[in-house]
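Below you'll find the structure, written out as structure tokens, and then a few comments.
What follows is calculated from the coordinates using simple rules that are stated; it is not laboratory data. Owing to the predicted nature of the structure, the values given are computational and were not obtained by experimental measurement. Here the Cβ positions follow ideal geometry from the backbone for every residue, glycine too, while neighbour counts run over all protein chains shown.
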Amino acid sequence: MSIKDEYYLFSSDYSKVNFVVNMNDSRRLGILRDQPISTTIPASFECKSLTTFKPIEAKFDIAAFGKILFDMDYAKALVELDLHKNSLVPAKIIDKEYLYLHCYNIINILDDEEGFDFDKLSDIPQENRLVFRPSFESVIIFFHKSVIDAIEAIKTPSFAKSIKVSDWTLESEMS
């Protein structure tokens with residue numbers, strides 16, 4: 001199996017998702033691309049209906065809109081994974097608690113001609129590349145299969161789907 005086949009990303013399941021989730025925090029935590037976030041004060045997010053554009057109650061298990069939020073059912077598994085250069089930040093939408101996965105593990109595998117050069121990962125220990133961004137500018141986050149398996153062992157996500165990176169295209173993101 002090639003290294004590329006070991007990686008996945010989360011994409012919203014648009015057959016069920018009729019909302020968008022945005023960070024709405026005055027601390028501007030989202031701009032800390034390559035730095036950890038350490039806080040016990042929950043980051044504020046909002047969930048808005050795509051039909052009315054008004055805030056609604058959040059009822060998802062995983063939200064994948066550039067920023068990734070997990071409901072608290074996944075908390076223990078995520079903490080136990082001890083993800084290198086990733087912060088698990090408490091988050092809140094109205095009264096529901098989540099974990100915001102802040103990934104500052106940037107491993108530049110972007111190649112102008114090939115897209116992503118996964119061979120660059122071969123010299124990096126697996127525990128240091130379980131979850132990473134493939135470039136500083138990237139809004140997508142890659143997850144090693146072992147992380148996906150740990151998450152799906154808790155429960156199969158209802159509002160996000162894991163897609164093998166080798167099968168992912170921008171067009172598939174919109175479907």
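Could you go through the stretch 126-143 in sequence order and give the Karplus-derived ³J(HN,Hα) for each residue, using 6.51 cos²θ - 1.76 cosθ + 1.60 with θ = phi - 60°, rounded to whole Hz, and x for Gly and Pro?
With coefficients 6.51, -1.76 and 1.60, one gets 4, 5, 8, 9, 5, 9, 7, 9, x, 6, 4, 7, 5, 9, 8, 10, 9, 10 Hz.
Measure out, as a whole number of angstrom, how far apart the alpha-carbon centroids of the stretch 1-48 and the stretch 51-76 sit.
When both Cα centres are located, 9 Å separates them.
Take each of the peptides 118-129, 62-73, 10-21, 95-106, average the number of other beta-carbon atoms within 10 Å over its residues, and list them starting from the highest.
62-73, 95-106, 10-21, 118-129
Which of Glu113, Glu152, Glu57 moves the most in a Gaussian network model of the chain with Cα springs under 10 Å?
So, out of Glu113, Glu152, Glu57, the one fluctuating most is Glu113.
Among His102, Ala150, Val139, pick out the residue whose Cα is farthest towards the positive end of the charge dipole of the chain, where Lys and Arg carry +1 and Asp and Glu carry -1 on C-beta, about the Cα centre.
Most positive-ward Cα: His102.
By how many degrees, 0 to 90 and rounded to 10, does the Cα axis of helix 145-154 deviate from the longest principal axis of the chain?
Once rounded, the angle reads 30 degrees.
Pop a pseudo-label 7 angstrom from the Cα along the beta-carbon direction at both Lys145 and Tyr14 and give the gap in nm to one decimal.
Result: 2.8 nm between the two label points.
For a test of the definition: using alpha carbon positions, the gyration tensor, and the 1.5 limit on a/c, classify the chain as rounded, prolate or oblate.
prolate
Distance from a point 7 Å along Cα→Cβ of Thr52 to each backbone N in the stretch 1-29: keep the residues under 18 Å and list them by number.
Flagged as within label range: 17-22.
Kindly provide the helix-only [θ] at 222 nm of the chain, computed as the sum of -39,500 (n - 2.57) over DSSP H runs of four or more divided by all residues, to the nearest 500 deg cm²/dmol?
-3000 deg cm²/dmol
Under a point-charge model restricted to the Cβ atoms of Lys and Arg (+1) and Asp and Glu (-1), what is the dipole moment magnitude of the stretch 1-133 relative to its Cα centre, in debye to the nearest 20?
Around 780 debye, computed over the stretch 1-133.
Rounded, prolate or oblate: which fits the stretch 1-44, taking a ≥ b ≥ c as square roots of the Cα gyration tensor eigenvalues, rounded meaning a/c under 1.5, else prolate when a/b beats b/c?
oblate
Output the relative contact order of the chain, whole-number percent, from Cα pairs under 8 angstrom with separation of 6+ residues.
That works out to 31 percent.
Have a look at Thr51, Thr39, Thr156 and tell me which one the Gaussian network model of the chain (Cα, springs below 10 Å) gives the largest fluctuation.
Its mean-square fluctuation being the largest, the pick is Thr51.
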